[in-house]
Amino acid sequence: MDQQSALSQKTVVLTGATSGIGLETAVQLCRAGAFIIATGRSQERCKSAEETVKKAYPDAKITFLSADLSSLRQIFRLSADIRDTLLLHGLGHIDSLINNAGTVSSWYVSTEDGFELQFAVNHLAPFLLTHELMPLLSASGAGRVITVSSGSHFRTRINWKDILLRRHYHILRAYKQSKLANVLFCTELNRRLGRKTVTAFAADPGLVNTQIGRKGTTGIARWIWEKRASGGAAPWLAANCLVYLAGEPSIQHSENVYWKECMPLRPSRYSQRADQAGRLWALSEKMCGISSADYGIGADKRTNG
């Protein structure tokens, strides 16, 4: 079975789909015949992205939903909107959740929940959205959770004394820690679920020429991001790996958690430490106000929202 056949009729949720890697991923998934629920921060950008996709593929099966993923309240609302959208189309499962949305910021920004912006969007949003959609992913029987990480996770550790970097914020320190959190999350999710009905992968897109480093940066940080990005690969190349991880049948029970260019890659040793992954998981649950001994499978154990 080729990749396009494997994705035909599959149901995929894709965050951060209005530009860059996310938009290219949406286009490729539509070409393969998948049913897509895509998300973006603003209704205007969602409308523009949907027009772009349907211009290329008029019969594309894609619905855009808007939500600010820095807000726990809006993530809970988005999860409900996703469930309602599936119900409207007579669907009761999700085959793949692609946590692609991400951000960077030159300065410390506190979200409405009191968390540092990069940690909230890059880590807590995938953590909570996955929790909320886990029953639907499990119902697939072969669900996948794909979270976009980065090679920046190498040579990085979690700053447990100041995980939100309130005292010593630095743009790259915050970004690298959030990307490390992505790998720790995928590692711990696989440990908890045993790769039976759901498998988690962390995707490293490499250096890509996108707008992510230009949106929330100023001064020298913006100049560096622009200079590096100008030598990066086209977004569609990075999208290839996300589509591969979403649809390739042979990797469903793969022991490899970290992937780049459609190939497994050894992640950092630190990102595979069970004590660090478990500690981050417990803290993330507390921050999100959830309790998930079975990680969302079975009874709803949410404690707020």
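The values are calculated or read from the model by the stated rules, or taken from the named source; none is laboratory data. Note that the structure is a prediction, hence the values are computed from the model and not measured. Don't worry about glycine lacking a Cβ; one is built from the backbone with ideal geometry, like all the others, and counts go over all protein chains shown. Calculation scope for accessible area: heavy atoms of the full protein, side chains included, ligands and nucleic acids excluded. Shrake-Rupley method; radii C 1.70, N 1.55, O 1.52, S 1.80 Å.
Computed quantities for the displayed model
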item	result
Stokes-Einstein D (µm²/s) once Rh is taken as the Kirkwood radius of the chain over alpha-carbon pairs, at 37 °C in 0.692 mPa s	172 µm²/s
Residue with peak Gaussian network fluctuation, the chain [Cα springs, cutoff 10 Å], from A125, A38, A139	A139
Geometric extent, Cα atoms of the stretch 64-149 - Rg, Dmax (angstrom)	13.7, 44
Accessible-area composition of the stretch 55-173, carbon plus sulfur, in percent [1.4 Å probe]	53 percent
The chain - share of DSSP beta bridges that are antiparallel (%, nearest 5)	15 percent
Trypsin sites (Lys or Arg not before Pro) restricted to DSSP loop in the stretch 111-188 with at most 12 other C-beta within 10 Å	R155, R166, R167
Relative contact order (%) - criterion: Cα under 8 Å, at least six apart; region: the chain	19 percent
Mean-position separation - Cα centroids, the stretch 19-95 and the stretch 117-188, in angstrom	21 Å
Convex hull of the stretch 1-117 built on C-alpha atoms - directionally averaged projected area, nm²	7.9 nm²
Residue-averaged 222 nm ellipticity for the chain, from DSSP H runs of 4+ at -39500 (n - 2.57), nearest 500	-13500 deg cm²/dmol
Computed E for K196/T85 - FRET, C-beta separation, R0 41 angstrom, nearest 0.05	0.95
Eligible aspartates and glutamates near K54 by straight Cα distance, threshold 19 Å, same-chain separation 8 or greater	E24, E44
Cα-based shape type of the stretch 83-199, given that a ≥ b ≥ c are square roots of the gyration tensor eigenvalues and the cut on a/c is 1.5	prolate
Prolate/oblate/rounded label for the stretch 242-293 (Cα gyration tensor, a/c 1.5)	prolate
Those trypsin sites (Lys or Arg not before Pro) in the stretch 73-119 that DSSP places in a loop and that have at most 10 other beta carbons within 10 Å	none
Probe 1.4 Å, accessible area per residue of the chain, Å²	44 Å²
Coil-residue GluC sites (Glu not before Pro) of the stretch 232-289, DSSP, other Cβ within 10 Å capped at 14	E255
Counting all C-alpha pairs of the stretch 126-174, share separated by more than 18 Å (%)	53 percent
Residue of S66, S254, S19 that the Gaussian network model of the chain assigns the largest fluctuation, springs spanning Cα pairs under 10 Å	S254
